[in-house]
Amino acid sequence: MHSKHSRLDRFIAKSCQIPLKSVKPLLARGVITVNGVPVNDGQWRVCEFDRIECQGTMLQHRSPLYLLLHKPVGVVCATRDKQHTTVLDLIDHPAKDELHIVGRLDLNTSGLVLLTNDGRWSRRLTAPESKVPKRYQVRVKDPLDDRYVQAFAEGMYFETENIVTAPVALTITSATTADLVLTEGKYHQIKRMFGRFRNPVLALHRSAVGSYELDDSLAPGEFRLLEVPRDGRHSR
Ligand code: URA
C-alpha cells in the first residue's frame, strides 16, 4: 500500500484493516515505528517512502527510484503497448513496474526520458509553473532562417488548446538543424511549430531536461539510475 502524505493513524487503520480508535493503544504501546523509530503521535505525517512497521510487521517499505533512459526512435513512451516496444521493456530493474514516465516523447523522437516511482518529484518537473527547460536538437527538411527564430521567440497561437506558446529559444546550427529550449510541453509542440512554416521535422532528439543531461555514455536503449538528493524530491 502506498501513502503520499497521510496521517500515521489513518495509514495504520487502513493497512491493518482495523478501526481508527484501535490504533491509539498501539501507538501508546510504542509498537508502531516509522523508519525504525517508535512514534506515539497518530497525526504524524507519513510519506510514501517512509518505512512503517506495526508490532514487527512491515506495512510499507518502498524506496524512491529515479532513472534516466536514452530512448531510441521507434520505442513508445508508454508502460504497455500491443504494437511497439515500450520504454519499460528496455528497463531491467526489480521495481520497474512501479515506474511512471516523466514527460513523454513521440514515437519517432529519441533522447532523454526520466522515469520514477516518486510522484512528487515528477509533478514538480512537469508542472507548468516549474518551467523546467527541455533542450532538443531538430533536423528539418527545408532551410531555416531568422523568421523561425523570431516566430519561436514570440510564441504561436495553438487553436486546439487556445493558448500562445511560451517563448522558445531557437538557435540555428546549420542550414537545416537547430537547438531549441522549451519550458513547456504541449502535444507535438515542436512539430506543430515547424508545421506553421510547412517545414517537416525529419529528426528530433531531446538532450536535457532541467539539470539532467544525456551524455555519450548512454547508448540508445540504455538507462542509468539517478541519485536524487532528498531535498530534490521532497520538500516537507
Ligand atoms: N515536440 C514534439 O513535437 N515531439 C516530441 O517528442 C517532443 C516535443
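The values are calculated or read from the model by the stated rules, or taken from the named source; none is laboratory data. Small disclaimer: the values here were computed from a predicted structure and weren't measured. No Cβ is skipped: glycine too gets one built from the backbone with ideal geometry, and neighbour counts run over all protein chains shown. We work out accessible area using only protein heavy atoms, side chains counted, and drop any ligands, DNA or RNA first. Shrake-Rupley method; radii C 1.70, N 1.55, O 1.52, S 1.80 Å.
Looking at 14, 21, which one is among the basic types (Lys, Arg) and surrounded by 13 or more Cβ atoms within 10 Å (Cβ to Cβ)?
Values: 21 fails: surrounded by 13 or more Cβ atoms within 10 Å (Cβ to Cβ).
Testing whether each residue is among the basic types (Lys, Arg) and surrounded by 13 or more Cβ atoms within 10 Å (Cβ to Cβ) leaves just 14.
Would you check which residues across segment 88-112 are within 13 Å of the chain's Cα centre (by Cα), within 16 Å of the ligand (Cβ to nearest atom) and assigned to a loop (DSSP other than H, G, I, E, B) and list them?
Of everything in segment 88-112, those that are within 13 Å of the chain's Cα centre (by Cα), within 16 Å of the ligand (Cβ to nearest atom) and assigned to a loop (DSSP other than H, G, I, E, B) turn out to be 103, 104, 105.
Inspect segment 45-53 for any residue being open to solvent by less than 40 Å² (accessible area, probe 1.4 Å) and over 30 Å from residue 229 (Cβ atoms) and give the result as yes or no.
No, the conditions are met nowhere in segment 45-53.
Among the listed residues 115, 67, identify the single one that is open to solvent by less than 20 Å² (accessible area, probe 1.4 Å), away from the ligand (no atom under 15 Å from the Cβ) and more than 25 Å from residue 6 (Cβ to Cβ).
Details: 115 fails: more than 25 Å from residue 6 (Cβ to Cβ).
Criteria check complete, one pass: 67.
Is at least one residue of segment 123-132 within 11 Å of the ligand (Cβ to nearest atom) and without any contact (Cβ under 8 Å) to a residue 24 or more places away in the chain? Lay out the reasoning, then the answer.
Step one: of segment 123-132, the residues within 11 Å of the ligand (Cβ to nearest atom) are none.
For segment 123-132, residues within 11 Å of the ligand (Cβ to nearest atom) and without any contact (Cβ under 8 Å) to a residue 24 or more places away in the chain: absent.
In segment 136-236, which strands (runs of 3 or more DSSP E) lie fully inside it and hold 1 or more residues that are of a type outside the set (Asp, Glu), within 12 Å of the ligand (Cβ to nearest atom) and open to solvent by less than 50 Å² (accessible area, probe 1.4 Å)?
Counting at least 1 such residues, we get 177-182, 201-209.
Taking only segment 57-77 into account, find how many residues are modelled with pLDDT of 95 or more and outside any strand (DSSP E or B).
6
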